[in-house]
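As structure tokens, the structure follows; a few thoughts come after it.
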Amino acid sequence: GAVVSQHPSRVICKSGTSVKIECRSLDFQATTMFWYRQFPKQSLMLMATSNEGSKATYEQGVEKDKFLINHASLTLSTLTVTSAHPEDSSFYICSAKRGFGGGTNNEQFFGPGTRLTVL
Amino acid sequence: GESVGLHLPTLSVQEGDNSIINCAYSNSASDYFIWYKQESGKGPQFIIDIRSNMDKRQGQRVTVLLNKTVKHLSLQIAATQPGDSAVYFCAENTGSGGYQKVTFGTGTKLQVIP
């Protein structure tokens, strides 16, 4: 159980276009999903926290108008990179957390990542 | 700002030996810590976690030690195998209630020498 999928796994696009990445929790409901970005040989950097039915909370320095996040259901969150440029090329990873609030289960389940290359 | 960091960027270990990966954290308010393993081109994989009210926790071939006095976390892997080769991240959970987030450290690459 607790599987998170991402689609697509790899995408190449032209500069100026928009790209949508989907994150799905396959066998559990995720009230909270997270989006991370990882550049080569670097750590994961949290971009935003997405709670189902509410606006995403973006980390400092992340442009909310460029990285649109929608968490319309308990099993799906999408990240849209608008007007992508070569510097947006990165590995985008989502994670999902079961339940809500602190509780006793804080574990996040990570997706396999999406490799975005902007030409 | 608050951060989680690692002492060693790369660790080479002979197959069969034990590995120790270290991590320093700076947020004394963190109450939950996690170790992740990330293989090339894949998402992080949960290894083991520990709460701040504990100082040691054991799993299968892995042990996490937490020293809150010096804000230090370590991951011990017993009898390291080639399949353990990956990048390992420590992470800390911060925040409370409905807004919690996980902050990742810089990562240590573990290379297992056959």
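Here are a few things to note about the model shown:
- FRET efficiency for the pair residue B:78 and residue A:76, taken as 1/(1 + (r/R0)^6) with r the Cβ-Cβ distance and R0 = 30 Å, rounds to 0.15.
- Value of relative contact order over chain A, rounded to a whole percent, pairs C-alpha under 8 Å and six or more apart: 36 percent
- In the context of the full set of protein chains, chain A has a per residue accessible area of 48 Å² (1.4 Å probe).
- Estimated dipole of the range B:20-107 in Debye, rounded to 20 [Cβ of Lys and Arg +1, of Asp and Glu -1, Cα centre]: 80 debye
- The portion of the accessible surface of the range B:45-108 made up by carbon and sulfur, rounded to a whole percent, is 48 (1.4 Å probe; DNA, RNA and ligands excluded).
- Length released on extending from residue B:55 to residue B:109, taking residue separation times 0.36 nm less the Cα-Cα span: 17.0 nm
- The aspartates and glutamates within cross-link reach of residue B:71, meaning a Cα-to-Cα straight distance under 13 Å and a gap of 8 or more places when in the same chain, are B:2, B:31, B:55, B:92.
- Chain-alone versus full-assembly comparison, the range A:19-49, residues with accessible loss of at least 50 Å² (1.4 Å probe): A:43, A:44
- Remark: the range B:105-111, residue by residue, has Karplus-estimated 3J(HN,Hα) of x, 7, x, 10, 8, 9, 10 Hz, where x stands for each Gly or Pro and the curve is 6.51 cos²θ - 1.76 cosθ + 1.60 at θ = phi - 60°.
- A/B buried area, accessible surface, summed, 1.4 Å probe, Å²: 1700 Å²
- Per residue, the accessible area of chain B comes to 48 Å², computed with a 1.4 Å probe over protein heavy atoms only.
- Where Rh is the Kirkwood radius over Cα pairs, Rg/Rh for chain B: 0.96
- Between residue A:27 and residue A:85, the contour length at 0.36 nm per residue exceeds the alpha carbon distance by 17.4 nm.
- Unpaired cysteine residues in chain A (no second Cys Cβ under 4.7 Å): A:13.
- Links that overshoot a 22 Å alpha carbon limit, given the list A:55/B:101; A:14/B:37; A:66/B:42; A:64/B:37; A:14/B:101; A:97/B:42: A:14/B:37; A:66/B:42; A:64/B:37; A:14/B:101
The values are calculated or read from the model by the stated rules, or taken from the named source; none is laboratory data. Bear in mind that the values here come from a model prediction, so they are computed numbers and not experimental data. When we count neighbours, we look across all protein chains shown, and the Cβ atoms used for this are built from the backbone with ideal geometry, even at glycine. Protein only, heavy atoms only, side chains kept; ligands, DNA and RNA dropped before computing areas. Shrake-Rupley method; radii C 1.70, N 1.55, O 1.52, S 1.80 Å.
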